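First the structure, in the form of structure tokens, and then the observations on it.
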Ligand SMILES: C[S@@+](CC[C@H](N)C(=O)[O-])C[C@H]1O[C@@H](n2cnc3c(N)ncnc32)[C@H](O)[C@@H]1O
């Protein structure tokens, strides 16, 4: 009887540990994309509260190094993949030297909703767009952006290589990629989802053929990875969304802005702008 009770208690404890690992430590990534996004939807308001970064810290580690790399282009076109609550768009927009525009995409609708609160003033003037869509299929033409970023997200994606390949595709030749690589002791708790520094360097240089790969320590859990797309091209510069957005359905035509949102010039499929300003694509 006592032995049975001990076994039941141990079984319950073990199940609790496994559940915690699956849902909290690894944020659902071993359970598939839907679970990851569901958890972000549930967690969005808390995420927003816990990630109250100092503007000076954001400027020092994100905005200033970005401006340095993109120099002398002060009005670049930036894509922030898995933008969450718009941390990167805000860091850049708060910096007076940045004159560019940013498209932030994410699959968690709630994260984007809280993101609006951080960047509404720049959404109103058409310098920031937030779009609800997945990282693995980006509806933009090849070679579109001066910089593509993806912070603290690749390890939560089921197909990180597909997302990286898409990010590189839409970066212009000679443009920059800025992503994070999860490290620290936590990384060991996510087998198969994180890469040691040297493995990350090898992936970006050998598998993806990127140049000038530089991995810099950043926060407790993350390194920043800078890399450049081979080739050379003129800076693309900031443009309105409709000039770079390809219809996610027919993939051929550009989108046209109307009073409710955007409509495809060819297949006529329309994508509304929600009340909070987020563009609904999925
Ligand atoms: C830890 S948050 C990082 C958010 C933001 N980049 C930041 O630094 O604060 C991870 C984000 O990745 C998003 N995400 C995960 N998988 C995704 C996918 N396949 N496509 C688009 N977004 C995804 C989640 O919804 C979440 O907002």
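Computed from the coordinates by the stated procedures, all read-outs in this text should not be read as laboratory data. Note that the structure is predicted; figures quoted are calculated from it, not measured. We place every Cβ from the backbone using ideal geometry, glycine too, and count neighbours over all the protein chains shown.
Here are the numbers for the structure shown:
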read-out	value
Relative contact order of the range 124-174, defined on C-alpha pairs under 8 angstrom at six or more residues apart (%)	51 percent
Spatial separation of Cα centroids for the range 1-60 and the range 210-282, in angstrom	30 Å
Which of 252, 149 has the fewest Cβ neighbours within 10 Å, and the rest in rising order	252, 149
Residues in the range 187-216 that a label on residue 161 would reach, taking backbone N under 17 Å of a point 7 Å out along Cα→Cβ	192-196, 199-210
Convex hull of the range 56-280 built on C-alpha atoms - directionally averaged projected area, nm²	11.9 nm²
Folded to 0 to 90 degrees: helix 160-170 orientation relative to the chain principal axis, Cα	10 degrees
Residue order, fewest to most surrounding Cβ atoms within 10 angstrom, among 199, 229	199, 229
Peptides ranked, highest mean first, by Cβ atoms within 10 Å: ranges 156-163, 215-222	156-163, 215-222
Nearest-ten-degree value, helix 2-20 long axis tilted from longest Cα axis of the chain	10 degrees
222 nm mean residue ellipticity, helices alone, for the chain (DSSP H n ≥ 4; -39,500 (n - 2.57); rounded to 500)	-9500 deg cm²/dmol
The chain - percent relative contact order, Cα under 8 Å, separation 6 or more	16 percent
Value of relative contact order over the range 77-116, rounded to a whole percent, pairs C-alpha under 8 Å and six or more apart	56 percent
Calculated FRET value between residue 56 and residue 265, using beta carbons and R₀ = 45 Å, to 0.05	0.55
Antiparallel %, DSSP beta bridges [both residues in the chain], to 5	50 percent
Label point distance in nm, residue 257-residue 4, each placed 7 Å from Cα along Cα→Cβ	7.1 nm
